[in-house]
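What follows is a short report on a single structure.
The values are calculated or read from the model by the stated rules, or taken from the named source; none is laboratory data. Note that this is a predicted model, so its numbers are computed, not measured. Note that we place each Cβ from the backbone using ideal geometry, even for glycine, and neighbour counts take in every protein chain shown.
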Amino acid sequence: MFRRLLLGALAASLGWTNALSGQTQQTESELIQQLDSLRPLLERAEAELQAYEAHVREVARSWASEVARVDTVRVGQVRIITPVEQVEAARNLFAEVWEHHFASVDHSPALDEVLFTFQWSDARVPIFTDAVGPHGAVTVHPVEYDSRQSRAVVEARIRSVLALAVSMDLSGLGTDYRRWDPGNPLDARSLESAYRIVAMTQSQASRACLSGDIDACASAMGLGTATGVRQIEDWYSPNERWSLIARTYAGARMGRNSNTIAACLDERSIEHCDQILVDAYRDLTPYRSDVRATLVAHALEVGGQGSWSRLRESADMTPSEALEHASMVPAEELIASWLHRLVENRPDTYERLLPKSGLTMLWALFFAALAMRSTRWRMG
Amino acid sequence: MYQPMLFLHWKQARTFLALAVVAAFALPLLASEGVGAPRGVDVSSLDAYRFGFEAWLPFFPALAILIGMTLALTAWNWDHRFDHVYALSLPVTRWQYTVQKMLAGVTLALLPAVGFWLGANVAAASIALPEGLNAYPNELAVRFFFAILLSYTMLFAAAAGTIRTTMWVAGVILCFVFFGNIANDFLGYYYDFFARENVVLIVFEWMFETAGPFEVFSGSWSLIDV
C-alpha cells in the first residue's frame, strides 16, 4: 500500500514537473500551492509506513515467542539476549572476555544504548527485542558462533563486538585525537604481532625506537613535536625518503609534480623528495593505527580502573595529553614501559623447536622400533 | 660391532655424503645471496630479508629428505645385495644388528648437518641485520638435522622390512588418500560428524601441523626473522 502511494506521489510530481517546464509564466505562489497539495499524500504514506513497521514488529515478536525461548543475561553493564539453553555459556564467555580485555572500562555510556544477542549459528532461532535505551531504541549487536569453533575464536569475536560497541564512547574526543587515529584500543592486536610490525617498519625512527630511543618511538607514533620536513627527516633517512617516492611513483610521473618527481628520482635530489612528501596528502607516520592502538591499550592498562572514563573525558586534549590523562603517568614514561613490554613480547620464531624436536625424536624411535620388528631374515 | 657398521655404511655412501656436505654448506649461502639492503638503500623491512630467501625455502626440507632417504637405502643396500649372509653370520640378534646399523646412519647424518650449520652461520654473519631482526642459523641447523633424522628412520624402517610389508603400508596410505574422501562424503549422508568434517584433511593436518611426524618439514625454516 505504502509503495503504491509513494509511486503515485512520484508520478504526480513528475507530471507537475513536466507541466511546469511548459508553463514558464507560472508564478511561485502557484507552485507552492501545488506542492502543498501533495502534503496530505505524503502524510498518509508516512502513517502507512509506521503502521506497517509496527505490524512487522508484532509479527516478529509473536513468531519469536513461539519459536524461541530466550533470556536476558547481564554481565556488568553488558546485556545479552540468548536462548535459555545457552545462558550459562553466554554468561561465562562474556564475563571472561570482559574481565580480560575491558578491565579499564569502569562505565561506558555507549553500552546503555546496545544489546547483544548470542547464539549458535548452526541452530539459529529468531531473537526479537524492542528494548529502549536512554536515547531511544537500542542497537543490537549479534554474536553468532559455530558450535565447532574453538573457545578462543568465539572469545575473539565477542571481544571484537564488545570493543566496537564500547568504542562509541570515544566519538566525542577532539579532532587531534581522532586525526591521530589509534584504531580501537579495546581490540588492539597482541604485542607479539605489534612487535613484528614494528620490526618490519622501514623507518630510521622505528629502528631507533627498537634500540631504546623513547623520543624516536614518540616520533614514529606521530606524537613528536616536529612538523613538516623536520618531522619527515626524523622518521625516514634520505634513502628511505627516496624509496618512498620511488615506490609511489614507480609507474607514473605525470601531473603537475612531474618535474619535481623527476628531480627526486633521477637526480636523487632529497630537497625535491622532501617537497613531494610534505605536499603529499597522506599519512606518512611510520606506526599506523594498529601499533598506536597497542600504546593506547597499554595506557589504559597502566591507568587501571577509571582510565577509560579519563580517556573519554579528554575531549580537548592532544593525543599525548589524552594518554597521560588516561594512564596518569608522563608520556615518556608510558612509551618507555610500552617499549619494554613490546620487546619482552618479541615473537620467538623457533619457540617450539625444542618440544617439536623431542616429538620428532619420538617418531624416529617409533620408526626404529618398526625397523626391528619387520625382518627379511626368514627362510623361504 | 658399531665401528664395522659405520665403516660399511661410510663405504656405501661416501661419494653421496661428500656431495651432500657441500650442498648443505652451500644452500644457506646461496639462499642468502643478495638478501637484505641493496647497496646505498637503507631497507630494513623484513620482506627485503625474506624475499630472496623464501624462493630457496623448499630446497631446505627437500635436501634433508634426499639425504635421509639416500642414507637409509645405502644402509640396507649391502645386506639386500648379498642376501643378508653377513648379518646372519654374526653372533648378534636381529634387533641389536638393526640398532647398530641405524646408529651408524645417524652418525653419518651428522656430517651434512654440521656442513649446513657452518654454512648457515657463515651466511648469517655475512648479512648486516638492522635493529629488530635476528638470524637463527643454529635453530635452522637443528631443524635440518631432525628433518634428515626423520626421513632416514622412516625409509630405514621401510627398507628393513620385506617388500610385501612396504607395499602393504604404501598401499594403505594411497587408498586412504584416494578413497578416504569418497568414503567421507558417503558417510556424511548418514552421520553428522562426517558431513561437517573431512577426516582425510584432519589426518593430514595432524600429520603436518599438530603432533604428527611431518611437522618438522612444515614448520619455520627462516634464517632471518624478528
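Results, tabulated for the structure shown:
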{"item": "Test set (1) within 14 Å of chain B (Cβ to nearest Cβ); (2) crowded, with 16+ Cβ neighbours inside 10 Å; (3) more than 24 Å from residue A:275 (Cα to Cα); (4) touching a residue at least 24 places away in the same chain (Cβ under 8 Å) - residue A:200 fails condition number", "result": "(4)"}
{"item": "Residue satisfying condition, being away from chain A (no Cβ under 13 Å), modelled with pLDDT under 80 and assigned to a helix (DSSP H, G or I), within set B:52, B:115, B:119", "result": "B:52"}
{"item": "Odd one out for residue B:174, checked against (1) exposed (fewer than 14 other Cβ atoms within 10 Å of the Cβ); (2) closer than 23 Å to residue B:66 by Cα; (3) within 10 Å of another protein chain (Cβ to nearest Cβ)", "result": "(3)"}
{"item": "Every residue from segment A:172-188 that is in contact (Cβ under 8 Å) with a residue 60 or more places away in the chain and either hydroxyl-bearing (Ser, Thr, Tyr) or in a loop (DSSP other than H, G, I, E, B) (or both)", "result": "A:173, A:174, A:177, A:181, A:182, A:183, A:184, A:188"}
{"item": "Of residues in segment B:128-161 being in contact with a strand residue (DSSP E or B) (Cβ under 7 Å, 6 or more places away or on another chain) and hydrophobic (A, V, I, L, M, F, W, C), the one farthest from residue A:359 (Cα to Cα)", "result": "B:129"}
{"item": "Sole residue being buried (at least 18 other Cβ atoms within 10 Å of the Cβ) and in contact (Cβ under 8 Å) with a residue 40 or more places away in the chain, chosen from A:191, A:284, A:265", "result": "A:191"}
{"item": "Matching residues, segment B:17-38, being buried (at least 17 other Cβ atoms within 10 Å of the Cβ) and modelled with pLDDT of 90 or more", "result": "B:17, B:20, B:21, B:23, B:24, B:25, B:27, B:28"}
{"item": "Members of segment A:274-292 found to be among the small types (Gly, Ala, Ser) and outside any loop (DSSP other than H, G, I, E, B), listed by number", "result": "A:289"}
{"item": "Scope segment A:229-239; condition facing another protein chain (nearest Cβ under 10 Å) and surrounded by fewer than 21 Cβ atoms within 10 Å (Cβ to Cβ); matching residues", "result": "A:237, A:238, A:239"}
{"item": "Any chance residue A:319 is modelled with pLDDT of 85 or more and surrounded by fewer than 21 Cβ atoms within 10 Å (Cβ to Cβ)", "result": "no"}
{"item": "Test: residue A:299 is more than 20 Å from residue A:204 (Cα to Cα), surrounded by 15 or more Cβ atoms within 10 Å (Cβ to Cβ) and in contact with a helix residue (DSSP H, G or I) (Cβ under 8 Å, 6 or more places away or on another chain)", "result": "yes"}
{"item": "Tally, over segment B:155-167, of residues that are within 17 Å of residue B:112 (Cβ to Cβ) and at the interface with chain A (Cβ under 8 Å from one of its Cβ atoms)", "result": "1"}
{"item": "Lone unmet requirement of (1) part of a helix (DSSP H, G or I); (2) among the β-branched types (Val, Ile, Thr); (3) more than 9 Å from every other protein chain (Cβ to nearest Cβ) for residue B:106", "result": "(3)"}
{"item": "Flag for residue A:226 being within 12 Å of chain B (Cβ to nearest Cβ), without any contact (Cβ under 8 Å) to a residue 24 or more places away in the chain and of a type outside the set (Ser, Thr, Tyr)", "result": "no"}
{"item": "Residue within segment A:324-342 that is without any contact (Cβ under 8 Å) to a residue 60 or more places away in the chain, within 14 Å of chain B (Cβ to nearest Cβ) and of a type in the set (Ser, Thr, Tyr) present", "result": "no"}
{"item": "Criterion (out of contact with any Pro (no Cβ under 6 Å at 6 or more places or on another chain), within 26 Å of residue A:196 (Cβ to Cβ), among the aliphatic types (A, V, I, L, M) and surrounded by 21 or more Cβ atoms within 10 Å (Cβ to Cβ)) met by exactly one of B:149, B:140, B:129", "result": "B:140"}
{"item": "Any pair with Cβ under 6 angstrom, 6 or more apart, that starts in segment A:350-368 at a residue that is closer than 19 Å to residue B:225 by Cα and within 8 Å of chain B (Cβ to nearest Cβ) and ends at one that is modelled with pLDDT of 90 or more and in a loop (DSSP other than H, G, I, E, B)", "result": "A:350/B:136"}
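Results for (1) aliphatic (A, V, I, L, M); (2) surrounded by 15 or more Cβ atoms within 10 Å (Cβ to Cβ); (3) within 24 Å of the chain's Cα centre (by Cα); (4) not in a loop (DSSP other than H, G, I, E, B), shown as yes or no for each residue.
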| residue | (1), (2), (3), (4) |
| --- | --- |
| B:166 | no, yes, yes, yes |
| B:179 | no, no, no, yes |
| B:187 | yes, no, no, yes |
| B:194 | no, yes, no, yes |
| B:204 | no, yes, yes, yes |
